[in-house]
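All remarks here apply to the structure that follows.
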Amino acid sequence: MKKQYDVDGMTCTACALAIERQLNKVEGISRINVNYASEKMVVEYDEAKVNEDLLARQVEDIGYTLIVEEKEHVKDSGNSKVQEHQDHMRLRLILSLVFTLPLFYIAMGPMVGLWVPEFFANHQNILMIGLIQLLLTIPVMLVNKEFYTVGFKTLWKRSPNMDSLVAVGTGAAFVYGLFVIFQLAYGYSYGDMDRVMTYRHDLYFESVVVILTLITLGKFFEARAKGKTLKAIEALMELAPNEGQVLREGQVVTLPVEAIRHGDILVVKAGDKVPLDGQVVQGNGLMDEAMLTGESLPVDKSLEDTIYAGTYCKTGYLQVEVTATTEETTLSHIIQLVEDAQSTKAPIAKMADKISAYFVPAVLGISLVTFVTWLILGESGSFAFQMAVSVLVISCPCALGLATPTAIMVGTGKGASYGTLIKSGEALELLHRVKTIVFDKTGTLTHGKPFVTQVSFAGQEDDYKDVLSKIVAIEKLSEHPFAKAIVEYGHSLKVQDQVVDKYETIPGKGVVGFIGGQEILIGNEKLMDDHHINMDLFKADLDFAAGKGHTPLLVSLDGVMIGFIVAADTVKPDAKSLVSKLQALGIKVVMLTGDHKKTAQAIGEKLGVDQVVAEVLPEGKSQIIDELMSSDGHVAMVGDGINDAVALTKASVGIAIGSGTDVAIESADVVLVKESLQDVLTAITLSKATIRNIKQNLFWAFFYNVVGIPIAAGLFYYALGWKLNPMIAAAAMSFSSVSVVTNALRLRGFKSTGLDKGQGSVEAEETGLVDIQYVNQSSMNDLNHKANKIQTDKERNKNMKKLSIEGMSCMHCVGRVDKALNGIEGVTEVKVDLGSNSATLNPGSVSDDALKAAVTEAGYDVTEIAEA
């Protein structure tokens, strides 16, 4: 059985590891995965051996709470819990600082020459100073009691984590401090000033509070970064409206989505968001499906087409039969996929957490062996205890705990200065391992909206602006993105405004407008075919545009096709440079899109990407990410749309463009605030520099332990007289921390590698220029003459009539009918056909009855008269 549970009380990634280690010991559990970020646990277990009560007890035994009650989604519950944790950590940090700063000044000020009141410099007050330090230490330990409750509990359960290291180190220093207080009290009570002078510098309360405060500071920053993925689900849930307009008994009523059932008829008008999935049963509309497909161009919807919840109706009117209720919609499915991805995404275990499982028992063992060994060698209990405590103090995990978070804090801060917001240390750590980067096309590698890139015009250059002004005047009345691109292009050329006499939208085909008596058609080939417009002059150019994946808008003027306009989504100027520089780093580049294959392939070839995957919906994108991760290892996903949310969450690292949707941004691990592709390269190179810094930090942190522990244990005491008392051990530990922080600060000198704008390309789509071709240099007068001729022919053809005649059996019959019809005054263009038993003619103003009477008089019957 596989189930998902919420887990309460986790404060760090090590908590998730501790729960996993604890439950892995339980017989009957086959797989366990705990996600700290989402506070969820996915577990597969044998119901015959494991039940929820057992799971809850096991989790509770190491200090956490398993929530077994099934709950519905509550939009604010997750975020409020995260906010409560942040507020709690902030309070802990503030209270810790309030007591730590004066204690640290009192203890360390005299040693470094800082001014302190005479009271604290007087040797007669050493015991009082010790008691003051003790009183300042206890509140810090109480405020941070979670280190001890969790640390000792996990240690007892043989699953030690970073809290265990903190608890053991600071606990030992505190216990030794109490021992020193008693030694000082004994010395003053019995006048043993030698004892007082021996122990006067052996108080290590400042080490306790500084360690606790520094670790709390790191946990506070970690808490701030936590919970971002919970907001992604909330944003997704808010996409679909909570109510919809439903047709009931001939009336339109507004109902909550929970009350809408299968088979209900939704009414969707321009400006409406669709509440549920369904199928169009009446009407037409232009639907914006960018939230689902990521494509900026709206889609024409008509009879039997599928409509999705959360999509937006730009123009039109539709009646939609509901085919999916709230839990069954495509949007709900996407929400579930995001949740699943969050829950099954394995946490990145920090190196220090992995080592802590062995490090803590080893240090405790060395400390115990040190104490026993010195007693066996005949040294005093005080000497043996001092040596044992020195081992624990120098092994305190301050440097180990700071090695990773300090570098990550500096690295993420440096990234922010470049406009690269890295949400977590895990993302920063994983970026340097990425072997494949997957880019969404629309809005990521491209601008996300169409621009005019090509114009073919059958006329002279002098006539171009006049015709364009007519086209712009008509397209101003349209809401289609292509129309807006044409209007923007026209405005850039400062064309004159013209008045549109009549305007009509033909759904799925284009628009028809009249200006000054001229009929102007703008649309696709279907529109031209419907109006019998000849497109032969542009056939080669149209085929070429289609081969590039473009959809040209054809234009006709009074029945003559005078050209076409290509509007396409254009490639960002630095995209090609980014691809080449990523490939130079040994990273495979994949472009993933819901767009058509031809369009995607054309753009992929321009950019030089390694692989193009097109016509992919959100579920498919997630599957592609899974396949790449199984074959290539760590994969990063760069996207900007809601359709990218699942893939962004599923990938090892999700990177969102700052101009994208809130859902994409919240689902991602990295956000490019400045909307620049440059920052993708910045994030990766910064990650490599930070990880290199972390490895250096960990080396120094362990170096001090490897060198210091043998000295602290007294290994060289008899041979060289080296004895490391706890104070020197604490100083060494502090120095290791300072060196780690100082090394991390070197990351402030990091500089990002720049990209070249428009590298290696002069094509219209990449430079912003429009390619204008004058296909036929005829004058507009010639074109208008041809248009008038065609128009006359069209008018003439409208008057032609066809008579179906019975009784004709030979060519003599044909001759008699022809003579009879031609004998009628006003009738022209008579043509009699024996094969079809019909006659076509232009009757002029002659009535149908007169035509029928003439044929009847010739001896034949007219069965039907219709337009030719």
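The values are calculated or read from the model by the stated rules, or taken from the named source; none is laboratory data. Treat the numbers as computed from the prediction; the structure is a model and nothing was measured. Every residue, glycine as well, gets a Cβ built from its backbone with ideal geometry; the counts of neighbours run over all protein chains shown. Protein only, heavy atoms only, side chains kept; ligands, DNA and RNA dropped before computing areas. Shrake-Rupley method; radii C 1.70, N 1.55, O 1.52, S 1.80 Å.
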Original post:
Of the heavy-atom accessible surface of region 451-496 (probe 1.4 angstrom), what whole percent is carbon and sulfur?
Top reply: 48 percent
Original post:
Taking amide hydrogens as modeled 1.01 Å from N in the peptide plane, which residues meet the under 5 Å criterion relative to Tyr204, leaving out close sequence neighbours?
Top reply: Gly177
Original post:
Using mean Cβ contacts within 10 Å as the protection proxy, how do 170-183, 238-251 order, highest first?
Top reply: 170-183, 238-251
**OP:** Please list the non-local residues whose amide H lies under 5 Å from the amide H of Tyr418, H modeled 1.01 Å from N, same-chain partners needing a gap of 5 or more.
**Re:** none
**OP:** Enumerate the amide H contacts of Val830 below 5 Å, restricted to partners 5 or more residues apart or on another chain; note that Pro and chain-start residues carry no placed amide H.
**Re:** Asn842
**OP:** With only Lys, Arg, Asp and Glu charged, each at its Cβ (+1 for the first two, -1 for the last two), find how big the charge dipole of region 442-583 is about the Cα centre; round to the nearest 20 debye.
**Re:** 740 debye
Original post:
Between region 297-332 and region 586-633, what's the alpha-carbon centroid distance in Å?
Top reply: 27 Å
Original post:
Order of 490-502, 55-67, 473-485 by packing, highest average Cβ count within 10 Å first?
Top reply: 473-485, 55-67, 490-502
Original post:
Which entries in Lys25/Lys49; Lys301/Lys526; Lys441/Lys581; Lys484/Lys526; Lys465/Lys572 show an alpha-carbon gap greater than 24 Å?
Top reply: Lys465/Lys572
**OP:** For region 474-567, go through all pairs of different Cα atoms, get the mean of 1/r, take its inverse, and jot down that Kirkwood value in Å.
**Re:** 13.8 Å
**OP:** Could you work out the local net charge near Tyr717, counting Lys and Arg as +1, Asp and Glu as -1, over the other residues with Cβ closer than 15 Å to its Cβ?
**Re:** 0
